[in-house]
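Structure, as structure tokens:
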Amino acid sequence: MTDLVLELRNLRKTYNAGCVNEVEVLKGADLRLKRGEVVALIAPSGAGKSTLLHVAGLLDQASSGEVVLAGEALTGRSDNARTMARRGGIGFVYQFHHLLPEFTALENIILPQLANGTSERAAKARAEDLLERVGVSDRKGHRPAELSGGQQQRVAFCRAMANGPQLLLADEPTGNLDPETADQMFETLMEITRDTGMAALIATHNHELAGKMDRVVKLENGVLTEV
Ligand SMILES: Nc1ncnc2c1ncn2[C@@H]1O[C@H](COP(=O)(O)OP(=O)(O)OP(=O)(O)O)[C@@H](O)[C@H]1O
Ligand SMILES: [Mg+2]
């Protein structure tokens, strides 16, 4: 049993390799994230935060290097193995919420639980509890297009937490929130982390919020450094 929830080893990612418009975004990024740790990821726009999170979250493949989740190396594994690892272990909050437009807020949080084998009754109860905790329960029957940007982000956060992940990866989850609501969501995140021992890596441009996390890492010139 390892205490390391996520380990990134020498990750490299190049878009359009070999073409004239080749972009080398990650150039050997390393990170070790332990149980219960909440880490801020900061970097200027275009530095590669979303790229790093997508690779760490098994949504995209690295060009080389290793993603290790709870001791299991997942680089080069089948799509099916990666999907299973992601579904059971990782909650992801996208930079642009990616909620399913034809489903309500509540349904968006229920569906990933059903896909993971949770009963409908338990999934609904958990979805309602999560929405309550981030202050969006009065909008649970609304579709994403009927919600404000900040409400959509909060629903997306609940969806990421739906299956009780060991690892939360969040790409600017408070970008559309006023400071008070951002603080409230961060508090909920910390509560859940304390209760479950989850680890979190959170990209943010909000330096005040970053300062409240356990550690801050900076992505610069394709590598991660401790701030
Ligand atoms: N699919 C892609 N094909 C080619 N280049 C890409 C692709 N996705 C991202 N890039 C490039 O990779 C670099 C990093 O992009 P990324 O989205 O990871 O940055 P970011 O740090 O998340 O920026 P922001 O703060 O604006 O969200 C950028 O130069 C971007 O243009
Ligand atoms: Mg981004």
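Quick rundown of the values:
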{"quantity": "Residues of segment 85-107 classified as of a type outside the set (F, W, Y) and either within 16 Å of ligand 2 (Cβ to nearest atom) or within 16 Å of the chain's Cα centre (by Cα) (or both), total", "calculated": "12"}
{"quantity": "Among residues of segment 113-136, those that are buried (at least 16 other Cβ atoms within 10 Å of the Cβ) and of a type in the set (S, T, N, Q), counted", "calculated": "2"}
{"quantity": "Filter result for L74 (over 14 Å from L167 (Cα atoms) and within 16 Å of ligand 2 (Cβ to nearest atom))", "calculated": "no"}
{"quantity": "Residues that are in contact with a helix residue (DSSP H, G or I) (Cβ under 7 Å, 6 or more places away or on another chain), within 16 Å of ligand 1 (Cβ to nearest atom) and assigned to a loop (DSSP other than H, G, I, E, B), drawn from segment 62-94", "calculated": "A62, Y94"}
{"quantity": "Close pairs from segment 160-176: first closer than 19 Å to R35 by Cα, partner among the β-branched types (V, I, T) and within 16 Å of ligand 1 (Cβ to nearest atom), Cβ under 7 Å, at least 6 apart", "calculated": "A160/V93; A170/V93; A170/I202"}
{"quantity": "Subset tally (residues that are farther than 26 Å from R86 by Cβ and within 16 Å of ligand 1 (Cβ to nearest atom)) for segment 165-186", "calculated": "0"}
{"quantity": "All helices (runs of 4 or more DSSP H) inside segment 125-227 with 1 or more residues being more than 19 Å from the chain's Cα centre (by Cα) and modelled with pLDDT under 95", "calculated": "179-196, 207-211"}
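The values are calculated or read from the model by the stated rules, or taken from the named source; none is laboratory data. Keep in mind the model is a prediction, meaning the values are calculated, not measured. Here Cβ is always computed from backbone atoms with ideal geometry, including for glycine, and neighbour counts include all displayed protein chains.
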